[in-house]
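The values are calculated or read from the model by the stated rules, or taken from the named source; none is laboratory data. From a predicted model like this one, the values you see are computed outputs, not experimental measurements. Positions of Cβ are generated from backbone atoms using ideal geometry, with glycine treated the same way; all protein chains shown enter the neighbour counts.
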Amino acid sequence: MMKKILFSQTPDDLPVVAEAILKDMSSERIFVFYGEMGAGKTTLIKAFCNALGSSDVVRSPTFSLVNEYEDEKGESIYHFDFYRIKHIEEVYDIGFEEYIYSGNYCFMEWPERISELLPETFVYVSIKVEKDEVRKITYSLQN
């Protein structure tokens, strides 16, 4: 699939970006987010969760590896942050495969640290900070 590009001038644009990506990738549940520290991965994931109807407080699960939120239907949304993992076994220990094959939304920060565990198909989302703090958000289906 072709890469698509959206721009966010300010954080206020992120709900529109998240809704557009969710609509375009409506049959997908696994989303992986790439970007430098401070690029806005967690902020964008918060916009995704809000677009799915979650009223939960979305924070980066840096120390717990995974946070669970609920969407408007009471379904689970999983948010992973693999920045601090030291060994791939840590990911197996949290039952990672059960999460990603649950059929629920899974949003992953720092997926490059577990690339060998990513499923065959997922939505690749890249956030790059451009001049004037504009975020260039590129996404595509990987399979």
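From (1) surrounded by fewer than 18 Cβ atoms within 10 Å (Cβ to Cβ); (2) among the hydrophobic types (A, V, I, L, M, F, W, C); (3) touching a Ser or Thr at 6+ places or on another chain (Cβ under 6 Å); (4) at pLDDT 95 or above, pick out the condition that doesn't hold for M1.
Among (1) surrounded by fewer than 18 Cβ atoms within 10 Å (Cβ to Cβ); (2) among the hydrophobic types (A, V, I, L, M, F, W, C); (3) touching a Ser or Thr at 6+ places or on another chain (Cβ under 6 Å); (4) at pLDDT 95 or above, M1 violates only (4).
Take residues that are under 13 Å from the mean Cα position of the chain (by Cα) and among the β-branched types (V, I, T) and tell me which of the helices (runs of 4 or more DSSP H) falling wholly in region 33-143 contain 2 or more. Before the answer, list the steps.
Values: elements: 41-51, 89-93, 96-100.
By residue number, 41-51.
Evaluate region 98-121: report whether one residue or more is loosely packed, with under 15 Cβ neighbours inside 10 Å and over 21 Å from L141 (Cβ atoms).
yes
In region 93-141, what residues are touching a residue at least 24 places away in the same chain (Cβ under 8 Å) and of a type in the set (S, T, N, Q)?
S102, N104, T121, S126, T138, S140 - these are the residues of region 93-141 that are touching a residue at least 24 places away in the same chain (Cβ under 8 Å) and of a type in the set (S, T, N, Q).
If we keep just the residues of region 13-27 that are among the aliphatic types (A, V, I, L, M) and in contact (Cβ under 8 Å) with a residue 24 or more places away in the chain, which is surrounded by the most Cβ atoms within 10 Å (Cβ to Cβ)? Show your work before the answer.
From region 13-27, those among the aliphatic types (A, V, I, L, M) are 14, 16-18, 20-22, 25; that's our starting set.
Still in the list and also in contact (Cβ under 8 Å) with a residue 24 or more places away in the chain: 14, 17-18, 21-22, 25.
Details: L14: 22, V17: 21, A18: 24, I21: 22, L22: 17, M25: 19.
If we take residues in region 13-27 being among the aliphatic types (A, V, I, L, M) and in contact (Cβ under 8 Å) with a residue 24 or more places away in the chain, then A18 is surrounded by the most Cβ atoms within 10 Å (Cβ to Cβ).
Hey, could you check region 73-90 for residues that are within 20 Å of S27 (Cα to Cα) and of a type in the set (S, T, Y) and say which is surrounded by the most Cβ atoms within 10 Å (Cβ to Cβ)?
Y78
Do you know which of the residues in region 51-72 that are modelled with pLDDT of 95 or more and surrounded by fewer than 17 Cβ atoms within 10 Å (Cβ to Cβ) is nearest to D93 (Cα to Cα)?
E68
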